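Enquirer: Quick one: structure below, then a few questions.
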Amino acid sequence: MTDPGPFEIRGRTAVVTGAGSGIGEGLARALAAEGCSVVVSDVEGDRAAAVAADIGPSALGVRTDVADRDSVAELAAAARDRFGAVHLLFNNAGVSYHRRGIHATYEDWQWVLGVNLWGVVHGVTEFLPAMLESGEDCHIVNTASMNGIVPSAHSAMYSASKYGVVGLTETLHNELQGTRVGVTALCPAGVTTRITDSVRNRPDWAAQADGTRPPHAPSSSFDISPPLQPAEVAQLTLDGVRNRALYVFTDPKVQALLEAHHATMLAAFAPLTAAAAG
Ligand SMILES: NC(=O)c1ccc[n+]([C@@H]2O[C@H](COP(=O)([O-])OP(=O)(O)OC[C@H]3O[C@@H](n4cnc5c(N)ncnc54)[C@H](O)[C@@H]3O)[C@@H](O)[C@H]2O)c1
């Protein structure tokens with residue numbers, strides 16, 4: 001296929017999950033500013049409605065639980081009914097729950113993987129077929145994290161989910177070559193959002209056996225830059241979509257972490273290299 005050039009965002013229809021707050025809200029507002037019709041989706045239905053109302057008639061607020069496939073199917077139907085074909089999907093909803101992996105319960109795992117990984121699976125499964133059939137330029141952004149490439153402390157569940165998102169996104173990127181659908185893994189570092197209060201949306205079925213909801217543990221001793229604002233991350237992300245980038249990072253300091261991480265992995269090849277050399 002010939003080089004399709006930059007992706008034209010203006011005037012498209014976009015769906016953003018987790019858009020009641022933080023990065024998702026920033027994306028929804030940035031897309032609206034680009035003249036897109038935007039479906040503002042969140043498990044906090046009142047927040048989705050408030051952000052959509054503030055954007056105006058080009059936005060629709062929808063309550064969606066991305067961990068529930070039926071709920072994501074309803075989101076796809078609501079978007080289609082209101083705006084027609086969807087060209088941009090931001091699988092952004094996510095929760096962070098830093099707790100030592102050795103102490104994690106099945107409920108911890110099910111909640112975090114249900115939102116962060118299954119949420120993306122549901123979005124891709126419900127929206128991608130229509131994008132491919134439309135024959136139009138379309139793009140999916142999956143919000144992973146720097147924890148999808150370098151795990152920080154106490155992030156077993158979060159990093160497992162985000163590694164899954166990166167792996168899924170890279171695989172889709174390969175499978176979608178030759179089509180008009182592109183895909184991006186958004187890998188932010190620090191962003192000022194409500195992510196550390198994710199437990200506010202932890203479902204009752206996932207409560208601890210004793211009824212408590214353990215607090216967020218400290219997550220990182222990494223040397224990363226001060227957190228960005230969601231609007232800044234939204235602009236970096238839209239630039240990535242225009243460039244049809246596979247990855248979007250938000251902090252140059254992550255490069256050194258990634259290099260050190262990969263150096264450790266590459267060092268594990270030394271015995272094989274030595275054996276092959278005889
Ligand atoms: N803030 C950061 O530093 C940072 C860094 C890397 C990655 N991320 C990722 O960015 C994404 C957005 O998070 P944020 O930082 O804006 O946090 P946030 O808490 O401000 O926003 C997340 C939104 O997701 C919604 N949500 C939670 N569970 C949901 C569910 N089951 N279904 C639908 N919506 C649900 C929340 O209500 C909230 O509005 C997440 O995937 C997160 O993992 C954040």
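Coordinate-derived values only; no laboratory data. These numbers were taken from a predicted model, which means no experiment stands behind them. With ideal geometry, Cβ positions are generated from the backbone for all residues, glycine too; neighbour counts draw on all protein chains shown.
Enquirer: Would you please give the residues with an amide H less than 5 Å from that of Leu60, counting only those at least 5 places away or on a separate chain, with H modeled from the backbone geometry?
Expert: Val38, Val39, Val40
Enquirer: Residues with amide H under 5 Å of His98's amide H, sequence separation 5 or more or different chain, H placed in the peptide plane at 1.01 Å from N; which?
Expert: Ala217
Enquirer: Among His98, Gly18, Gly35, whose Cα projects farthest towards the positive end of the dipole of the stretch 3-159, with charges put on the beta-carbon of Lys, Arg (+1) and Asp, Glu (-1)?
Expert: The residue sitting most towards the positive pole is His98.
Enquirer: Looking at the stretch 3-95, which GluC sites (Glu not before Pro) are in a loop (DSSP not H, G, I, E or B) and have at most 13 other Cβ atoms within 10 Å? The partial results should precede the final answer.
Expert: Details: sites: Glu8, Glu25, Glu34, Glu44, Glu74; in loops: Glu8, Glu34, Glu44.
Hits after loop and neighbour filter: Glu8.
Enquirer: Just from its helices, what would the mean residue ellipticity at 222 nm be for the chain, if runs of 4 or more DSSP H residues each count -39500 (n - 2.57) and the sum is divided by every residue, rounded to the nearest 500 deg cm²/dmol? Spell out each step's value before the answer.
Expert: Details: 9 runs with 121 residues, N = 278.
So the helix-based figure for the chain works out to -14000 deg cm²/dmol.
Enquirer: Which ³J(HN,Hα) values, rounded to whole Hz and listed in residue order, are derived for the stretch 223-230 from phi using the Karplus coefficients 6.51, -1.76 and 1.60 in 6.51 cos²θ - 1.76 cosθ + 1.60 with θ = phi - 60°, glycine and proline given as x?
Expert: So the Karplus estimates, Gly and Pro as x, are 8, 10, 6, x, x, 7, 8, x Hz.
Enquirer: Trypsin sites (Lys or Arg not before Pro), restricted to the stretch 75-132: which are DSSP loop and have at most 11 other Cβ atoms within 10 Å? Don't jump to the answer; show the numbers that get you there.
Expert: Working: sites: Arg80, Arg82, Arg99, Arg100; in loops: Arg99, Arg100.
Those satisfying the criteria are Arg100.
Enquirer: Please list, in order along the stretch 128-137, the HN-Hα scalar couplings obtained from phi with the Karplus expression 6.51 cos²θ - 1.76 cosθ + 1.60 (θ = phi - 60°), rounded to whole Hz, x for Gly and Pro.
Expert: Coupling constants for the stretch 128-137: 5, x, 5, 4, 5, 5, 5, x, 9, 5 Hz.
Enquirer: Normalised by the empirical 2.2 N^0.38 Å for globular proteins, what value does the Cα Rg of the stretch 222-278 take?
Expert: Details: Rg = 17.4 Å, N = 57, 2.2 N^0.38 = 10.2 Å.
The reported ratio for this selection is 1.71.
Enquirer: Between Gly182 and residues 5 or more places away or on another chain, which pairs have amide H atoms under 5 Å apart, with H built 1.01 Å from N, and which residues are they?
Expert: Counting only residues 5 or more places away or on other chains, the set is Cys138, His139, Ile140.
Enquirer: Rounded to the nearest Å, what's the spacing between the alpha carbon centres of the stretch 121-146 and the stretch 57-118? Just the number, please.
Expert: 13 Å
Enquirer: Loop only per DSSP, at most 14 neighbouring Cβ atoms within 10 Å: give me the trypsin sites (Lys or Arg not before Pro) in the stretch 1-30, ordered by residue number.
Expert: Passing sites in the stretch 1-30 are Arg10.
Enquirer: How large is the dipole of the stretch 66-117 about the Cα centre if only Lys and Arg carry +1 and Asp and Glu carry -1, each at its Cβ, rounded to the nearest 20 debye?
Expert: Working: 5 positive and 6 negative charges, 39 e Å.
For this selection, approximately 180 debye.
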